[in-house]
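Peer 1: My structure is below; once you've seen it, I'll send some questions.
Every number here is computed from the coordinates shown, using simple stated rules; none is lab data. Remember, it's a predicted structure, so these values are computed and weren't measured experimentally. We place every Cβ from the backbone using ideal geometry, glycine too, and count neighbours over all the protein chains shown.
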Amino acid sequence: MEKAYKVCQSCGMPLKQDPIGGGTNTDGSKSLMYCSHCFISGQFTRPDITAVEMKSLVVEKLVEMKFPRLIAKLFAMNIPKLERWNQNHKN
């Protein structure tokens with residue numbers, strides 16, 4: 001059974017904020033780990049992005065959404081610690 005997370009384990013977005021309720025696995029079921037911006041049909045939407053690039057992307061997206069840059073950087077700070085970027089994680 002997949003563990004349910006509060007935030008996307010790729011970008012850090014709160015999963016309850018996902019417009020379609022989360023990403024999807026290959027069988028069409030909802031991913032309990034990733035949001036719909038990062039994970040669709042069992043595949044990452046940006047398979048080659050690095051944790052550092054994801055941090056920058058998230059900061060820029062939050063700034064677009066009118067968050068102050070300092071707050072955006074604080075939100076993005078823990079992205080490298082998420083499961084996707086853990087070297088032992090196999091997804």
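Peer 1: Compute the helix-to-body angle for 51-64: its Cα long axis versus the longest principal axis of the chain, expressed 0 to 90° and rounded to tens.
Peer 2: 60
Peer 1: Gln9: net charge of surrounding residues, Cβ under 9 Å, Lys/Arg +1, Asp/Glu -1, itself excluded?
Peer 2: For residues surrounding Gln9, the net value is 0.
Peer 1: Describe numerically, in nm with one decimal, the distance between label points set 7 Å from Cα along Cα→Cβ at Lys66 and at Lys81.
Peer 2: Distance between label points: 3.0 nm.
Peer 1: Give, as a single signed number, the net charge of other residues whose beta carbon lies under 12 Å from the beta carbon of Val63, with Lys and Arg counted +1 and Asp and Glu -1.
Peer 2: Its environment carries a net charge of +2.
Peer 1: Set the Förster radius R0 to 25 Å, insert the Cβ-Cβ distance between Lys16 and Asp48 as r into 1/(1 + (r/R0)^6), and round the FRET efficiency to 0.05.
Peer 2: 0.35
Peer 1: Let me check I've understood the local charge: for Ala51, count other residues with C-beta under 13 angstrom from its C-beta, Lys and Arg +1, Asp and Glu -1. What total comes out?
Peer 2: +1
Peer 1: Given just the C-alpha atoms of the chain, how large is their convex hull per residue in cubic angstrom?
Peer 2: 94
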